[in-house]
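> Before we start, here is the structure in question, set down as structure tokens.
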Amino acid sequence: MVQTAPPDLLAAADEDVAAAIGREAGRQRESLEMIASENYTSPAVLAAVGSILTNKYAEGYPGRRYYGGCDFVDEVEELAIARVKALFGAEHANVQPHSGSQANLAAYFALMNPGDIALGLELNHGGHLTHGLKVNVSGKWFNFASYGVDRETERIDYDAMAAVAREVRPKVIVIGATAYPRQYDFARAGEIARSVDAVLMADMAHIAGLIAAGQHPTPVGPAPVITSTTHKTLRGPRSAFILSDADHARAIDRAVFPGTSGGPHMHVIAGKAVAFREAAAPQFRDYAIRIIENARALADALQGEGLRLVSGGTDTHLLLVDVGVRGLTGKAVEGALDAAGITVNKNTIPYDERRPTVTSGIRIGTPALTTRGMGPDEMRVIARLIGRVLDDIDDETAHAAVRAEVGDLVAGFPVPGVPD
Ligand code: DSN
């Protein structure tokens with residue numbers, strides 16, 4: 001039995017919030033959701049997250065709580081831990097972090113002291129703000145140096161990573177990104193980390209679903225500590241987890257609780273447990289394969305629209321598209337595509353000369369549309385629609401015409417968990 005409140009109960013209790021949720025449901029149904037970090041989670045995950053487990057405090061860990069009445073939430077957390085360990089073949093898992101940023105903070109807290117040196121991917125080359133942005137706690141409390149992508153290939157320059165590591169002797173090397181379309185060489189990064197006595201920390205948030213499905217090499221092994229969100233390619237609830245080897249297990253657990261958080265969100269941990277089981281099913285492997293097929297089809301078709309793909313293409317769910325080659329900015333393209341019902345985000349491209357609020361690129365991903373059941377044929381149609389918007393970036397009539405065609409296209413692909 002699922003203990004979620006039916007939507008009509010919410011509407012009866014609070015018509016304002018219900019109406020806003022209803023409008024958002026319409027947006028999710030009627031637009032092409034192409035933000036690379038977003039997805040549509042399953043009705044089962046939604047039911048778990050909307051369950052009565054939100055009522056329970058459970059500070060501590062299963063069997064070692066600071067509150068009574070935790071028998072059943074212990075069961076839920078133990079299920080989540082066992083499932084995510086099995087999914088990734090990890091020795092240890094902590095499923096309590098509420099978000100990717102919090103998981104990263106906890107991992108740093110476990111591995112470093114304030115003032116210690118870390119090494120991460122240059123933010124303008126795809127690194128995440130928790131990988132050392134000056135105004136983020138990662139950049140304020142730790143001394144982050146950076147490695148980048150090669151100017152020609154636009155792929156991570158592991159020789160440069162090794163050279164900077166020898167120079168700055170970091171305690172932690174972070175590998176992972178928010179806007180990098182190629183596979184990571186976790187084995188090489190692990191060798192570099194070991195050569196300077198650093199710990200490799202892999203932030204696999206974007207590609208966790210591809211790794212779970214065997215469609216990207218795993219960081220388990222090369223990286224003793226791994227952080228991830230659960231809601232991107234992994235298609236779970238909006239949340240996170242940390243994996244580690246046995247040697248780092250105690251430090252990670254103490255860094256999450258009591259180090260950086262209090263009560264775990266047991267309803268979301270239940271949603272994670274459901275998602276981890278879904279990701280272990282054979283259908284999820286097929287889903288991950290289709291995500292990448294779709295990204296490649298979209299990449300080819302966008303090149304046909306006169307756009308340049310950073311690094312020449314993609315190995316994953318994500319494309320970084322240089323719109324500057326068509327004399328456009330990421331900001332203008334994001335706005336025009338939004339008007340046409342196509343949701344993407346502006347993004348800096350490596351060595352971008354424009355500000356991060358303007359940019360020369362957009363980031364596009366295929367996880368959400370693949371969940372809707374779209375395939376390479378639809379990707380080619382979408383590339384043409386994008387091309388039409390870009391042909392006249394200021395023509396609102398043309399954008400409205402594209403929006404109508406987007407409406408026709410999405411009508412054939414219902415969204416799981418978002419009823420009509
Ligand atoms: N905001 C996420 C993304 O879009 O990649 C990362 O935190």
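The values are calculated or read from the model by the stated rules, or taken from the named source; none is laboratory data. Keep in mind the model is a prediction, meaning the values are calculated, not measured. Cβ atoms come from the backbone with ideal geometry, glycine included; neighbour counts cover every protein chain shown.
> Please state which one of G69, G89 is over 26 Å from R194 (Cα atoms), modelled with pLDDT of 95 or more and of a type in the set (G, A, S).
The conditions single out G69.
> Further, regarding this structure: If I go through segment 317-332 residue by residue, how many of them are more than 22 Å from the chain's Cα centre (by Cα) and either aliphatic (A, V, I, L, M) or within 16 Å of the ligand (Cβ to nearest atom) (or both)?
Matching residues across segment 317-332 total 4.
> Same structure, new question: Being part of a strand (DSSP E or B) and under 23 Å from P258 (Cα atoms) is true for just one of A93, A103. Which residue is that?
After ruling out the rest, the residue left standing is A93.
> Can you name every one of the helices (runs of 4 or more DSSP H) wholly within segment 247-316 that holds 1 or more residues which are in contact with a strand residue (DSSP E or B) (Cβ under 6 Å, 6 or more places away or on another chain) and among the small types (G, A, S)?
Where helices (runs of 4 or more DSSP H) fall fully within segment 247-316 and carry at least 1 residues being in contact with a strand residue (DSSP E or B) (Cβ under 6 Å, 6 or more places away or on another chain) and among the small types (G, A, S), they are 249-254, 282-303.
> Collect the residues in segment 137-191 that are without any contact (Cβ under 8 Å) to a residue 12 or more places away in the chain, part of a loop (DSSP other than H, G, I, E, B) and within 16 Å of the ligand (Cβ to nearest atom), keeping them in residue-number order.
None - no residue of segment 137-191 is without any contact (Cβ under 8 Å) to a residue 12 or more places away in the chain, part of a loop (DSSP other than H, G, I, E, B) and within 16 Å of the ligand (Cβ to nearest atom), so the list stays empty.
> Give the number of residues within segment 43-81 that are among the basic types (K, R) and crowded, with 17+ Cβ neighbours inside 10 Å.
2
> Here is a check on your reading of the model: is L133 in contact with a Phe, Trp or Tyr (Cβ under 9 Å, 6 or more places away or on another chain), within 16 Å of the ligand (Cβ to nearest atom), free of Cβ contacts under 8 Å to residues at least 12 places away in the same chain and on the phi < 0 side of the Ramachandran plot?
Considered against the rule, which asks whether it is in contact with a Phe, Trp or Tyr (Cβ under 9 Å, 6 or more places away or on another chain), within 16 Å of the ligand (Cβ to nearest atom), free of Cβ contacts under 8 Å to residues at least 12 places away in the same chain and on the phi < 0 side of the Ramachandran plot, L133 comes out as yes.
> Under 7 Å by Cβ, and 6 or more places apart or on different chains, what pairs join a residue from segment 32-51 that is in contact (Cβ under 8 Å) with a residue 40 or more places away in the chain and more than 26 Å from V381 (Cβ to Cβ) with one that is part of a loop (DSSP other than H, G, I, E, B) and within 16 Å of the ligand (Cβ to nearest atom)?
Pairs that qualify, where the first residue is in contact (Cβ under 8 Å) with a residue 40 or more places away in the chain and more than 26 Å from V381 (Cβ to Cβ) and the partner is part of a loop (DSSP other than H, G, I, E, B) and within 16 Å of the ligand (Cβ to nearest atom), are V45/G236; V45/P237; V49/P237.
> Okay, moving on. Could you check, for segment 242-263, whether at least one of its residues is β-branched (V, I, T), closer than 24 Å to S42 by Cβ and touching a residue at least 24 places away in the same chain (Cβ under 8 Å)?
yes
> When you scan segment 178-197, how many residues do you find that are out of contact with any His (no Cβ under 7 Å at 6 or more places or on another chain) and either within 20 Å of L123 (Cα to Cα) or crowded, with 22+ Cβ neighbours inside 10 Å (or both)?
Residues meeting the conditions: 10.
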